[in-house]
1. Give the range 78-132 a look and list any residue that's outside any loop (DSSP other than H, G, I, E, B) and under 16 Å from Cys149 (Cα atoms), or say none.
2. Is it the case that some residue within the range 47-56 is free of Cβ contacts under 8 Å to residues at least 24 places away in the same chain, out of contact with any Cys (no Cβ under 8 Å at 6 or more places or on another chain) and not in a helix (DSSP H, G or I)?
3. Output the number of the condition that Glu33 fails; it satisfies all remaining conditions of (1) surrounded by 15 or more Cβ atoms within 10 Å (Cβ to Cβ); (2) of a type in the set (Asp, Glu); (3) farther than 30 Å from Gln148 by Cβ.
4. What's the number of the only condition in (1) among the β-branched types (Val, Ile, Thr); (2) surrounded by 19 or more Cβ atoms within 10 Å (Cβ to Cβ); (3) modelled with pLDDT of 90 or more that Thr12 fails to meet?
5. Which numbered condition in (1) under 21 Å from Lys202 (Cβ atoms); (2) touching a helix residue (DSSP H, G or I) at 6+ places or on another chain (Cβ under 7 Å) is the only one that Ile99 fails?
6. Test of understanding: among Glu158, Glu152, Glu132, which residue is out of contact with any Pro (no Cβ under 6 Å at 6 or more places or on another chain) and over 22 Å from Ala82 (Cα atoms)?
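The values are calculated or read from the model by the stated rules, or taken from the named source; none is laboratory data. Because the structure is a prediction, the values reported are computed rather than measured. Ideal geometry is used to build each Cβ from the backbone, glycine not excepted, and the neighbour counts take in all protein chains shown.
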Amino acid sequence: MKSRDMTENHMTSPELEAIFDKCVQVFLLRGYETSTLDDITKASGVTREFLDQHFSSKQELTSAALRWYYIKYSRQMRTEMAMHSDLYAAMEAVLFAFISISCDQVQAEKGLFVRTFIDISYVDKGLKKEFEALQDDWETQIIDKFTQCQSELKDPTEIDVLAHYFLTVIEGLYELIKYGTPCEMMRKVALISLEVLAAHMK
(Lines give C-alpha, C1' and ligand atoms only; values in the text may rest on other atoms or scores of the structure.)
Protein backbone atom coordinates (compact mmCIF):
# COMPACT_ATOMS: atom_id res chain seq x y z
CA MET A 1 0.00 0.00 0.00
CA LYS A 2 1.58 3.27 -1.12
CA SER A 3 0.15 5.44 1.66
CA ARG A 4 1.51 3.13 4.37
CA ASP A 5 4.95 3.02 2.77
CA MET A 6 5.12 6.79 2.62
CA THR A 7 4.09 7.43 6.20
CA GLU A 8 6.10 4.62 7.75
CA ASN A 9 9.24 5.70 5.91
CA HIS A 10 8.64 9.37 6.75
CA MET A 11 8.81 10.21 3.03
CA THR A 12 5.52 12.05 2.67
CA SER A 13 5.97 15.03 0.37
CA PRO A 14 4.97 18.59 1.40
CA GLU A 15 2.12 18.30 -1.09
CA LEU A 16 0.73 15.22 0.61
CA GLU A 17 1.12 16.74 4.06
CA ALA A 18 -0.84 19.77 2.82
CA ILE A 19 -3.59 17.37 1.75
CA PHE A 20 -3.61 15.86 5.23
CA ASP A 21 -3.95 19.36 6.70
CA LYS A 22 -6.91 20.13 4.45
CA CYS A 23 -8.37 16.72 5.21
CA VAL A 24 -8.71 17.70 8.87
CA GLN A 25 -10.38 20.98 8.01
CA VAL A 26 -12.87 19.28 5.69
CA PHE A 27 -13.76 16.69 8.33
CA LEU A 28 -14.28 19.39 10.96
CA LEU A 29 -16.44 21.53 8.66
CA ARG A 30 -18.46 18.83 6.90
CA GLY A 31 -18.24 15.83 9.22
CA TYR A 32 -16.37 12.63 8.58
CA GLU A 33 -19.31 10.56 7.32
CA THR A 34 -20.53 13.12 4.79
CA SER A 35 -17.11 14.22 3.51
CA THR A 36 -15.89 12.78 0.21
CA LEU A 37 -12.58 12.55 -1.63
CA ASP A 38 -13.94 15.18 -4.01
CA ASP A 39 -14.41 17.56 -1.07
CA ILE A 40 -10.81 16.98 0.00
CA THR A 41 -9.59 17.39 -3.58
CA LYS A 42 -11.37 20.72 -3.90
CA ALA A 43 -10.12 22.01 -0.54
CA SER A 44 -6.51 20.96 -1.12
CA GLY A 45 -6.28 22.26 -4.67
CA VAL A 46 -4.93 19.03 -6.16
CA THR A 47 -6.42 16.93 -8.92
CA ARG A 48 -8.51 13.88 -8.19
CA GLU A 49 -6.05 11.92 -10.33
CA PHE A 50 -3.21 12.85 -7.94
CA LEU A 51 -5.27 11.80 -4.93
CA ASP A 52 -6.27 8.50 -6.54
CA GLN A 53 -2.62 7.70 -7.24
CA HIS A 54 -1.98 7.51 -3.51
CA PHE A 55 -5.28 6.61 -1.85
CA SER A 56 -7.98 4.19 -2.92
CA SER A 57 -10.58 5.52 -0.47
CA LYS A 58 -11.36 8.18 2.10
CA GLN A 59 -10.64 5.64 4.82
CA GLU A 60 -7.17 4.94 3.43
CA LEU A 61 -6.41 8.66 3.25
CA THR A 62 -7.58 9.14 6.83
CA SER A 63 -5.51 6.21 8.05
CA ALA A 64 -2.42 7.53 6.26
CA ALA A 65 -2.93 10.99 7.76
CA LEU A 66 -3.25 9.56 11.28
CA ARG A 67 -0.02 7.59 10.85
CA TRP A 68 1.77 10.60 9.41
CA TYR A 69 0.88 12.99 12.25
CA TYR A 70 1.36 10.41 14.98
CA ILE A 71 4.72 9.18 13.69
CA LYS A 72 5.97 12.68 12.88
CA TYR A 73 5.23 14.12 16.30
CA SER A 74 6.17 11.08 18.37
CA ARG A 75 9.51 10.66 16.62
CA GLN A 76 11.07 13.63 18.42
CA MET A 77 9.82 12.38 21.78
CA ARG A 78 11.28 8.92 21.15
CA THR A 79 14.59 10.45 20.13
CA GLU A 80 14.73 12.63 23.23
CA MET A 81 13.92 9.68 25.48
CA ALA A 82 16.58 7.48 23.86
CA MET A 83 19.27 10.12 24.42
CA HIS A 84 19.09 9.74 28.21
CA SER A 85 20.19 6.69 30.15
CA ASP A 86 18.69 7.81 33.48
CA LEU A 87 14.95 7.66 33.97
CA TYR A 88 14.31 11.14 35.38
CA ALA A 89 16.18 12.89 32.56
CA ALA A 90 14.45 10.70 29.97
CA MET A 91 10.95 11.48 31.23
CA GLU A 92 11.79 15.16 31.61
CA ALA A 93 12.96 15.21 27.98
CA VAL A 94 9.77 13.46 26.83
CA LEU A 95 7.47 15.90 28.63
CA PHE A 96 9.33 18.99 27.48
CA ALA A 97 9.54 17.72 23.90
CA PHE A 98 5.79 17.05 23.93
CA ILE A 99 5.04 20.52 25.25
CA SER A 100 7.28 22.11 22.63
CA ILE A 101 5.74 20.11 19.78
CA SER A 102 2.17 20.77 20.94
CA CYS A 103 2.73 24.50 21.43
CA ASP A 104 4.29 24.76 17.98
CA GLN A 105 1.29 22.98 16.47
CA VAL A 106 -1.19 25.24 18.24
CA GLN A 107 0.68 28.31 17.02
CA ALA A 108 0.62 26.86 13.49
CA GLU A 109 -3.15 26.34 13.92
CA LYS A 110 -2.73 22.56 13.78
CA GLY A 111 -3.42 21.92 17.44
CA LEU A 112 -6.54 19.85 16.81
CA PHE A 113 -5.25 17.76 13.93
CA VAL A 114 -4.10 14.62 15.74
CA ARG A 115 -7.09 14.74 18.09
CA THR A 116 -9.49 14.96 15.15
CA PHE A 117 -8.24 11.66 13.74
CA ILE A 118 -8.29 10.04 17.17
CA ASP A 119 -11.92 11.11 17.60
CA ILE A 120 -12.80 9.71 14.18
CA SER A 121 -11.25 6.40 15.19
CA TYR A 122 -14.10 5.90 17.67
CA VAL A 123 -16.58 5.66 14.79
CA ASP A 124 -14.37 4.00 12.16
CA LYS A 125 -13.27 0.46 13.00
CA GLY A 126 -10.36 0.47 10.57
CA LEU A 127 -8.97 3.73 11.90
CA LYS A 128 -9.52 2.57 15.47
CA LYS A 129 -7.37 -0.48 14.82
CA GLU A 130 -4.67 1.75 13.31
CA PHE A 131 -4.72 4.14 16.26
CA GLU A 132 -4.66 1.36 18.84
CA ALA A 133 -1.57 -0.13 17.16
CA LEU A 134 0.21 3.24 17.28
CA GLN A 135 -0.88 3.82 20.87
CA ASP A 136 0.24 0.35 21.95
CA ASP A 137 3.64 0.91 20.35
CA TRP A 138 4.12 4.21 22.18
CA GLU A 139 2.98 2.68 25.47
CA THR A 140 5.48 -0.14 24.98
CA GLN A 141 8.26 2.38 24.38
CA ILE A 142 7.53 4.10 27.70
CA ILE A 143 7.25 0.85 29.66
CA ASP A 144 10.48 -0.42 28.10
CA LYS A 145 12.29 2.72 29.26
CA PHE A 146 11.07 2.23 32.81
CA THR A 147 12.08 -1.43 32.64
CA GLN A 148 15.56 -0.52 31.42
CA CYS A 149 15.94 1.86 34.35
CA GLN A 150 14.19 -0.24 37.01
CA SER A 151 17.32 -0.31 39.18
CA GLU A 152 16.73 3.41 39.79
CA LEU A 153 13.30 2.78 41.33
CA LYS A 154 12.62 2.06 44.98
CA ASP A 155 10.04 -0.54 43.96
CA PRO A 156 10.40 -2.00 40.44
CA THR A 157 6.92 -3.53 40.70
CA GLU A 158 5.56 0.01 40.18
CA ILE A 159 6.86 0.19 36.62
CA ASP A 160 3.45 -0.21 34.96
CA VAL A 161 1.77 2.28 37.29
CA LEU A 162 4.46 4.93 36.84
CA ALA A 163 4.60 4.43 33.08
CA HIS A 164 0.84 4.88 32.79
CA TYR A 165 1.03 7.87 35.09
CA PHE A 166 3.28 9.59 32.56
CA LEU A 167 1.04 8.58 29.67
CA THR A 168 -1.82 10.22 31.58
CA VAL A 169 0.26 13.34 32.22
CA ILE A 170 1.00 13.64 28.49
CA GLU A 171 -2.70 13.36 27.67
CA GLY A 172 -3.53 16.00 30.27
CA LEU A 173 -0.87 18.37 28.98
CA TYR A 174 -2.30 18.05 25.49
CA GLU A 175 -5.80 18.96 26.65
CA LEU A 176 -4.58 22.03 28.54
CA ILE A 177 -2.40 23.26 25.68
CA LYS A 178 -5.28 22.74 23.26
CA TYR A 179 -7.43 25.11 25.28
CA GLY A 180 -4.81 27.84 25.36
CA THR A 181 -2.95 27.29 28.63
CA PRO A 182 0.40 29.13 28.32
CA CYS A 183 3.28 26.85 27.45
CA GLU A 184 5.38 28.21 30.30
CA MET A 185 2.66 27.10 32.71
CA MET A 186 2.75 23.65 31.11
CA ARG A 187 6.49 23.41 31.72
CA LYS A 188 5.87 24.10 35.41
CA VAL A 189 3.17 21.42 35.45
CA ALA A 190 5.66 19.00 33.89
CA LEU A 191 8.24 19.74 36.58
CA ILE A 192 5.68 19.11 39.32
CA SER A 193 4.71 15.84 37.62
CA LEU A 194 8.35 14.80 37.66
CA GLU A 195 8.37 15.21 41.44
CA VAL A 196 6.13 12.14 41.59
CA LEU A 197 8.77 10.15 39.75
CA ALA A 198 11.53 11.53 41.95
CA ALA A 199 9.63 10.39 45.04
CA HIS A 200 9.67 6.82 43.72
CA MET A 201 13.35 6.80 42.83
CA LYS A 202 16.24 5.78 45.06
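1. Initially, the range 78-132 is screened for residues outside any loop (DSSP other than H, G, I, E, B), giving 78-82, 87-107, 113-121, 125-132.
Arg78, Glu80, Met81, Ala82, Leu87, Tyr88, Ala89, Ala90, Met91, Glu92, Ala93, Val94, listed by residue number.
2. Checked the range 47-56: at least one residue is free of Cβ contacts under 8 Å to residues at least 24 places away in the same chain, out of contact with any Cys (no Cβ under 8 Å at 6 or more places or on another chain) and not in a helix (DSSP H, G or I).
3. (1)
4. Checking Thr12 against (1) among the β-branched types (Val, Ile, Thr); (2) surrounded by 19 or more Cβ atoms within 10 Å (Cβ to Cβ); (3) modelled with pLDDT of 90 or more, the one that fails is (3).
5. Single failed check for Ile99: (1).
6. Values: Glu158 fails: over 22 Å from Ala82 (Cα atoms); Glu152 fails: over 22 Å from Ala82 (Cα atoms).
Result: Glu132 is the single residue among Glu158, Glu152, Glu132 that is out of contact with any Pro (no Cβ under 6 Å at 6 or more places or on another chain) and over 22 Å from Ala82 (Cα atoms).
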